[in-house]
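One structure is given below, encoded as structure tokens.
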Amino acid sequence: MTSKEGRRTPLTRRESVVLLALGGAGLLSGAARASDNAYGPGVTDTEIKIGQTIAYSGPASSLGVSGRSAAAYYRMVNDKGGVNGRKITLISADDAYSPPKTVEQTRRLVEQEGVLGMFGSIGAGTNASVQRYLNDHNPKDKIAVFGYFSAAATTQVLSMCGDNLSRENVLNKATHLSQMPVPMFLPGITMTTTPEDYVAVKQMQLQQFDGKGWVKIGGVVQG
């Protein structure tokens, strides 16, 4: 995929599978400009279009809860005015947890829908199946919680980008997080990334069940 300026900027192998900070996001490289702002594909003055593949059908259909919770979070963000005045449009496609289907749906989202990037897709095997494609194109309760906080992290990163919504800048912001708090994380748990380290969460809080509920053990442990 090329930009409106005809430039292609390949992502490295690591960059193409980035963003555990965003719940597993694949960004496609390439930039475009509109007015005085730097926009990537899927971005206008009023909209940010992003894609996602999740199993809504098949044996792993329970994972669909994550996609629905992410969609609900984005609706809440949009109801409050969106991100820097732009509404987030999430196109969440069913891949039935099948790598061939993931490739098919990802190609559709990139080539036909023209999304800015892929955010919050679930599945090690399914995400691995589209890694090469994304690089070449430069382009239940626990699951629900995952969908919620990945959408929240994505929203915060997009907000950091301001009017520079090129894929390169989104990637840059997502790989330079510093102790970013995310809704539903326990107190003291944050996200931190660097261009060399995409493991976003490096702390943990031990807990034990006392027969009635979960009780914290000590403080936050740094990884």
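The values are calculated or read from the model by the stated rules, or taken from the named source; none is laboratory data. Note that the coordinates shown come from a computational prediction; the quantities given were computed from them, not determined experimentally. Neighbour counts are summed over all protein chains in view; Cβ atoms, including those assigned to glycine, are modelled from backbone coordinates with ideal geometry.
Scanning region 204-219 for any residue that is part of a strand (DSSP E or B), modelled with pLDDT under 90 and of a type in the set (S, T, N, Q) turns up at least one such residue. If the condition is being polar (S, T, N, Q) and under 18 Å from the mean Cα position of the chain (by Cα), then region 96-109 contributes T102, Q105, T106.
The residues listed here are G162, G147; of these, the one that is surrounded by fewer than 14 Cβ atoms within 10 Å (Cβ to Cβ) and either in contact with a His (Cβ under 6 Å, 6 or more places away or on another chain) or small (G, A, S) (or both) is G162.
So which residues in region 192-203 are within 12 Å of Q179 (Cα to Cα) and assigned to a loop (DSSP other than H, G, I, E, B)?
Result: T192, T193, A200, V201, K202.
Residues checked against (1) of a type in the set (A, V, I, L, M, F, W, C); (2) at pLDDT 95 or above:
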position	(1), (2)
V77	yes, yes
E104	no, yes
R107	no, no
R132	no, no
K142	no, no
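Scan region 169-179 for residues that are surrounded by 17 or more Cβ atoms within 10 Å (Cβ to Cβ) and of a type outside the set (G, A, S) and report the count. Write out each step before concluding.
Filtering region 169-179 for residues surrounded by 17 or more Cβ atoms within 10 Å (Cβ to Cβ) gives 169-171, 173-175, 177.
Still in the list and also of a type outside the set (G, A, S): 169-171, 173, 175, 177.
Summing the residues that are surrounded by 17 or more Cβ atoms within 10 Å (Cβ to Cβ) and of a type outside the set (G, A, S) in region 169-179 gives 6.
Could you list, in sequence order, all residues of region 117-136 that are of a type outside the set (A, V, I, L, M, F, W, C) and buried (at least 19 other Cβ atoms within 10 Å of the Cβ)? Residues satisfying the conditions are G117, G120, S121, G123, T126, N127, S129, N135. Looking at region 82-95, is at least one residue over 21 Å from S69 (Cβ atoms), within 17 Å of the chain's Cα centre (by Cα), surrounded by fewer than 18 Cβ atoms within 10 Å (Cβ to Cβ) and not small (G, A, S)? Scanning region 82-95 turns up no residue that is over 21 Å from S69 (Cβ atoms), within 17 Å of the chain's Cα centre (by Cα), surrounded by fewer than 18 Cβ atoms within 10 Å (Cβ to Cβ) and not small (G, A, S). Inspect all residues belonging to region 197-208 and state whether any of them is of a type outside the set (A, V, I, L, M, F, W, C), surrounded by fewer than 21 Cβ atoms within 10 Å (Cβ to Cβ) and closer than 26 Å to I48 by Cα. Yes, that holds for at least one residue.
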